[in-house]
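Engineer: Have a look at this one before I ask anything.
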Amino acid sequence: EAFKAESEANRLYDWDSIYESYKKYYHCDDGAIWEGYSDTVGRLLADDWIHFKRLHELCLSDGKFKQFVLKHIDMTVPVDVLQRIINNTRTHCPSEYKELCKAIETEASAGWNPNTK
């Protein structure tokens, strides 16, 4: 299972695929698998904001998935990606998603300085 999780963790392409992988492999979330998920979560939050509504829906329906997403906004995500995530939460977040945006912004800001976590 760990091999399968690692091979797909950084090749996931949308929130539904991340959610399906999370449900199958949550217990394998360590090391290279962790980094793969962090890369994918960071990429989607930075570059695919148009589908943020779907992330919000999944987080509302599964609080553990929300925590999974938030913990993968970490110091393994490149600083420029964290900057784009913060920019998205500040400038593109619809008012009905403010709580999730604030949580994401907090994690992205802490990713710059791991001592703040």
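The values are calculated or read from the model by the stated rules, or taken from the named source; none is laboratory data. The model shown is predicted, which means the values in this text are computed figures rather than measured ones. All Cβ positions, glycine included, derive from the backbone under ideal geometry; neighbour counts span all protein chains shown. For accessibility, only protein heavy atoms count, side chains too; no ligands or nucleic acids. Shrake-Rupley method; radii C 1.70, N 1.55, O 1.52, S 1.80 Å.
Engineer: Show that you can apply the helix-only estimate: for the chain, add -39,500 (n - 2.57) for every DSSP H stretch of four or more residues, divide by all residues, and state [θ] at 222 nm to the nearest 500.
Structural biologist: Here the helix-only value at 222 nm equals -22000 deg cm²/dmol.
Engineer: According to the Cα gyration tensor, what semi-axes, each the square root of 5 times an eigenvalue, does the equivalent ellipsoid of the range 68-109 have, listed from largest to smallest in whole Å?
Structural biologist: 17, 12, 6
Engineer: Taking only C-alpha pairs under 8 Å that are 6+ residues apart, what is the relative contact order of the range 9-117 in percent?
Structural biologist: Relative contact order, the range 9-117: 27 percent.
Engineer: So, counting K/R as plus one and D/E as minus one, what does the shell of residues with Cβ under 14 Å around THR91 add up to?
Structural biologist: Once all neighbours under 14 Å are counted, the net charge is +3.
Engineer: Give the average over all directions of the projected area of the C-alpha convex hull of the chain, one decimal, in nm².
Structural biologist: So the mean shadow area of the Cα hull is 6.5 nm².
Engineer: To the nearest 10 square angstrom, what accessible area does LYS24 show with a 1.4 Å probe?
Structural biologist: The value for LYS24 is about 100 Å².
Engineer: Then there is this: By the scheme Lys and Arg +1, Asp and Glu -1, what is the net charge of all other residues having a beta-carbon under 10 Å from that of ALA5?
Structural biologist: Net charge in that neighbourhood comes out at -3.
Engineer: Solvent-accessible area of ARG43, probe 1.4 Å, all protein chains present, reported in Å² to the nearest ten, please.
Structural biologist: About 80 Å², rounded to the nearest 10.
Engineer: Could you order peptides 58-66, 97-105 by the average number of other Cβ atoms within 10 Å of their residues, highest first?
Structural biologist: Averaged packing, sorted descending, gives the order 97-105, 58-66.
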